[in-house]
Amino acid sequence: MVRQLPSLNALKAFEAAARHASFSLAAVELGVTHAAVSRHIRDLETWLGTRLFVRTGRGVELTERGRSYAGDITRGLDVIAAATESVAGRKRRRQRLAVSVEPALAALWLVPRLGRFTVAHPDIDLIIDATSRLADFSRNEADLGIRYGRGPWPNVVSEKLTRTSLTPMCSPEWMRTKGRVHPAGLKADWLLQEETRQFWREWMDAAGLSDRLVPEGPRLSGHLAIPAAEAGQGFALADEIVAGDALVGGRLVRPFDVAVVHYAYFLVRSSSRKETRAMAAFGSWLRHEIGQTLEAVGREASAAPPIGRAAVRRGRAAVRSRRR
């Protein structure tokens with residue numbers, strides 16, 4: 001008997017999108033792009049001659065026929081998966097994926113989200129190496145790396161994930177205790193330092209304060225500065241990804257709109273290696289999670305409106321006046 005069946009990839013895309021009520025989450029689960037899921041579902045609707053989803057302002061919803069079809073397809077794929085597992089058993093090959101990540105990003109942003117990746121990709125053994133040292137891909141120290149900087153780097157393929165805005169952040173309680181502070185009114189011992197002063201120097205230049213202020217607060221590892229700021233110890237210099245959860249949770253605020261904007265996060269791999277399925281799956285998941293974080297941070301409201309560059313100039317003038 002010849003079975004008249006649509007593409008299995010189209011059925012998998014439809015089933016995942018129906019289960020999540022989201023093309024984006026289906027793409028993350030399957031390790032493909034949003035456009036690929038949309039194309040598969042469009043082809044399936046054409047093959048069936050009926051609409052499966054209704055596109056709404058908030059996403060997608062199943063039609064009545066789509067809902068009925070989704071239930072049948074889920075049961076069918078479950079049967080196929082169970083039959084395959086019974087034959088493959090423990091011999092099914094798992095893919096190993098080692099990712100090198102800067103410690104602050106790993107501890108404060110990546111690790112709290114890893115459960116979603118492992119649920120979506122149980123066949124991938126994910127290894128996170130939290131280190132400030134750049135991985136040497138020629139020695140197979142990692143399969144992928146998440147790097148922060150300007151790029152490019154030699155001998156790697158790099159994809160810019162998102163540009164960042166590096167700016168001082170503090171706790172709302174600190175703001176309530178100290179009152180509204182202009183950049184020119186910052187004190188040296190309020191500024192929490194990291195191993196390098198490079199980023200603070202660049203922010204001081206952007207704020208026009210490099211001639212009068214040098215950070216003198218406690219020197220901390222990168223992944224400790226943000227918790228210290230949350231605890232009311234002063235200002236940490238951070239971006240909207242690594243401090244995203246603290247911003248959305250209201251544990252940190254960004255009182256100034258002066259920021260260093262020429263750095264970005266990049267996903268990198270060796271230029272001599274082809275992208276594997278595990279690499280592609282992690283990259284797709286990573287892009288989705290970053291997009292979710294940026295969307296959430298964009299909605300968060302600071303405790304007070306940021307102080308802009310005009311206020312910086314006024315604050316510096318006030319400081320000079322007091323000195324006279």
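State whether one or more residues within the range 11-19 are over 20 Å from the mean Cα position of the chain (by Cα) and surrounded by fewer than 17 Cβ atoms within 10 Å (Cβ to Cβ). Yes, the range 11-19 contains at least one residue that is over 20 Å from the mean Cα position of the chain (by Cα) and surrounded by fewer than 17 Cβ atoms within 10 Å (Cβ to Cβ).
Pairs linking a residue in the range 59-82 that is free of Cβ contacts under 8 Å to residues at least 24 places away in the same chain to a residue that is exposed (fewer than 15 other Cβ atoms within 10 Å of the Cβ), with Cβ atoms under 7 Å and 6 or more positions apart or on different chains, are THR63/ARG51; THR63/VAL54; ARG65/THR50.
Among the candidates ALA246, ALA228, ALA238, which residue alone is under 26 Å from VAL101 (Cα atoms) and either out of contact with any helix residue (DSSP H, G or I) (no Cβ under 9 Å at 6 or more places or on another chain) or among the basic types (Lys, Arg) (or both)?
The conditions single out ALA228.
For LEU52, indicate whether it is touching a Ser or Thr at 6+ places or on another chain (Cβ under 8 Å), outside the structural domain of ALA280 (by TED's automatic domain parsing) and of a type in the set (A, V, I, L, M). Yes, satisfied. Identification of strands (runs of 3 or more DSSP E) wholly contained in the range 75-188 with 2 or more residues that are surrounded by 15 or more Cβ atoms within 10 Å (Cβ to Cβ) and of a type in the set (A, V, I, L, M) yields 95-101, 124-130, 144-149, 156-163.
Considering only the range 264-274, I want to know if a residue exists there that is under 18 Å from LEU161 (Cβ atoms), touching a Lys or Arg at 6+ places or on another chain (Cβ under 8 Å) and β-branched (Val, Ile, Thr). Yes, that holds for at least one residue.
Apart from one condition, VAL32 fits all of (1) within 22 Å of the chain's Cα centre (by Cα); (2) surrounded by 17 or more Cβ atoms within 10 Å (Cβ to Cβ); (3) modelled with pLDDT of 85 or more; the exception is (3).
The values are calculated or read from the model by the stated rules, or taken from the named source; none is laboratory data. This one's a predicted model, so the numbers in the text were calculated from it and none came from an experiment. So basically every Cβ, Gly included, is an ideal-geometry build from the backbone, and we count neighbours across all protein chains shown.
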